[in-house]
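> Got a structure for you, questions after.
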Ligand SMILES: Cc1cc2nc3c(=O)[nH]c(=O)nc-3n(C[C@H](O)[C@H](O)[C@H](O)COP(=O)(O)OP(=O)(O)OC[C@H]3O[C@@H](n4cnc5c(N)ncnc54)[C@H](O)[C@@H]3O)c2cc1C
């Protein structure tokens, strides 16, 4: 069995962003889609409420943009927001064409998966209302929109001759190489690189694979599972964010973790109680006093943006000692509840709660990452040939707090924008490679390598023009911890971890730490404690890694306080587990450090010690880790088992 696969486009992630891209790319391209686990294990599958778009005659894109900007609390990127929301109508129409059985405005029409749904028009759709939206704007398929959407797209993708889906294939690192073979080409001394595939762990056959491609689309979802109470499935631990950062991409606004106000607060359940319940009239009550507390907090009451409702519930919980508040819809007709929310109704009934008569215990849960890999509305990242879409990406649409149901829309719009842009990139890349091949005589190559010659400029210009990295305004840089900045006070961990690192134990403890110290409200003290604890875990991992791996000279020495990942890519399950944990710890450091350096409260980021808004809204930026890329990549090149082919396959 070969360890090398070649494909035109590699898509990392089989959620809505990944499949929207795959199905929208030209059929002439050979596409490989990876999923870390089974196909249904992705946030997209679990989405309930729906997809927001201004579909109603009385609504407009301008109003949708306005509501999004209000929720985003001054941090939305205006151009991308307008572009993405402006394409909402076409995105929902495209989903209709894929056969998504959206609920129609006459609720008597029953949902099933008959091909008739392919002829649904956006004007046929029932629209629901959710928090922060000024009107009914959310198209849905019952209360299980994600499942219906993903079922329809999976059928299409699995029957498409040009798409290969590989479940249980986990991307570990992105492969990048110089855009032009002569390594002297650079912009401002930094080499122009492009992404050309990924190193992958095949969990079915327990082996490493190299997948070579002409372009890569990161669609690997969010990072909610770094937290204890989280709505996302366990594949969502921020792999894509870390891979992109290592490959040379900027990250933005990682501190803006959105907490959904109403996760089911029953044992360890991760089940979500959709925002649409409040949209249709659900009310929040203090279980002890029966007070409808949101009335005192915001004029929009239960329909205030998520950050406001989540914080209000968290405040109630911190004083009531119960761990939950009540969400009540029992004043609505039972038939309406059963018809509109069949999945939630049945799930709760199985747990002994009849929501037509009983209140539902709810508490906030980590739900969505508003930050991520910096991209534009076409999904372009900082590395040529590397696109990103969906929750892994930061387009600036969500600002400091995502407006409900805008993320499914973003997955489809940006995924389809990538599909429109990517073929042009491939043509330019081919032209560049052809030109390079033509001119690759010893004499010309020598000239090309010398600045100020015509040959140098021709090829160089082509390499520069091939890709425009996203531009950002009003930014602040996050300074990551390093040994030179050891001003943080010492924090003694509850438990010392020695050479035998208990990976499961640290993973669980990390979730608890982030939930406690990096939750709905934060303070410098909590964040410092978190950084210290994470550092201690990193040190124990470094120690353990040294024992596990051969200590060959190619293993770089790392500073334990700098976010680190295991540069020796794993080949066994135990190495993989350490690699994953090291990566999660590194990402946790970046999230906490971003929160630590935002000295204000805005949207989903609330600092007890800085409760006010700063005058100027600034986007937090983490600069890429170029050294990590080079170390990892050179390791792969050195490895004789995975030689890099001389020519690109386009
Ligand atoms: C319970 C719940 C309800 C929600 N409800 C709504 C809603 O009603 N409306 C709305 O707009 N948004 C909703 N959201 C948010 C929305 O569902 C997600 O933001 C969106 O679906 C993310 O899509 P995605 O394609 O980016 O990622 P996902 O759908 O999470 O897919 C990620 C994919 O990447 C793969 N992957 C991850 N890491 C790797 C790796 N290293 N290698 C290979 N593959 C990898 C995974 O296996 C998976 O296939 C909800 C989220 C949750 C959790």
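The values are calculated or read from the model by the stated rules, or taken from the named source; none is laboratory data. What you see is a predicted model; the values in this text were computed from it and never measured. Quick reminder, even Gly has a Cβ in these numbers, built from the backbone with ideal geometry, and neighbours come from all protein chains shown.
> Could you please find all residues in segment 201-215 being within 11 Å of the ligand (Cβ to nearest atom) and within 13 Å of residue 6 (Cβ to Cβ)?
211, the sole residue that qualifies.
> Tell me which residues, restricted to segment 143-162, are farther than 15 Å from residue 95 by Cβ and either within 14 Å of the ligand (Cβ to nearest atom) or assigned to a helix (DSSP H, G or I) (or both).
Of everything in segment 143-162, those that are farther than 15 Å from residue 95 by Cβ and either within 14 Å of the ligand (Cβ to nearest atom) or assigned to a helix (DSSP H, G or I) (or both) turn out to be 143, 158, 159.
> In this structure, is residue 246 at pLDDT below 95, under 20 Å from the mean Cα position of the chain (by Cα) and more than 9 Å from the ligand (Cβ to nearest atom)?
yes
> Let me ask something additional. Return the total of residues in segment 1-34 being near the ligand (Cβ under 6 Å from one of its atoms) and either in a helix (DSSP H, G or I) or surrounded by fewer than 24 Cβ atoms within 10 Å (Cβ to Cβ) (or both).
Matching residues across segment 1-34 total 3.
> A follow-up question, please. Of all residues in segment 60-85, which are over 17 Å from residue 377 (Cβ atoms), away from the ligand (no atom under 16 Å from the Cβ) and part of a helix (DSSP H, G or I)?
Selection gives 62, 63, 66, 70.
> Does at least one position in segment 102-121 carry a residue that is part of a helix (DSSP H, G or I) and either at pLDDT 95 or above or touching a strand residue (DSSP E or B) at 6+ places or on another chain (Cβ under 6 Å) (or both)?
no
> Further, regarding this structure: For segment 45-59, state whether one or more residues are buried (at least 19 other Cβ atoms within 10 Å of the Cβ), within 16 Å of the ligand (Cβ to nearest atom) and farther than 30 Å from residue 154 by Cα.
no
> Can you find a residue that is surrounded by 18 or more Cβ atoms within 10 Å (Cβ to Cβ) and away from the ligand (no atom under 16 Å from the Cβ) anywhere in segment 365-374?
Within segment 365-374 (the criterion being surrounded by 18 or more Cβ atoms within 10 Å (Cβ to Cβ) and away from the ligand (no atom under 16 Å from the Cβ)), the answer is no, since none of the residues qualifies.
> Considering 137, 147, which residue is surrounded by fewer than 21 Cβ atoms within 10 Å (Cβ to Cβ) and at pLDDT 95 or above?
It is 147.
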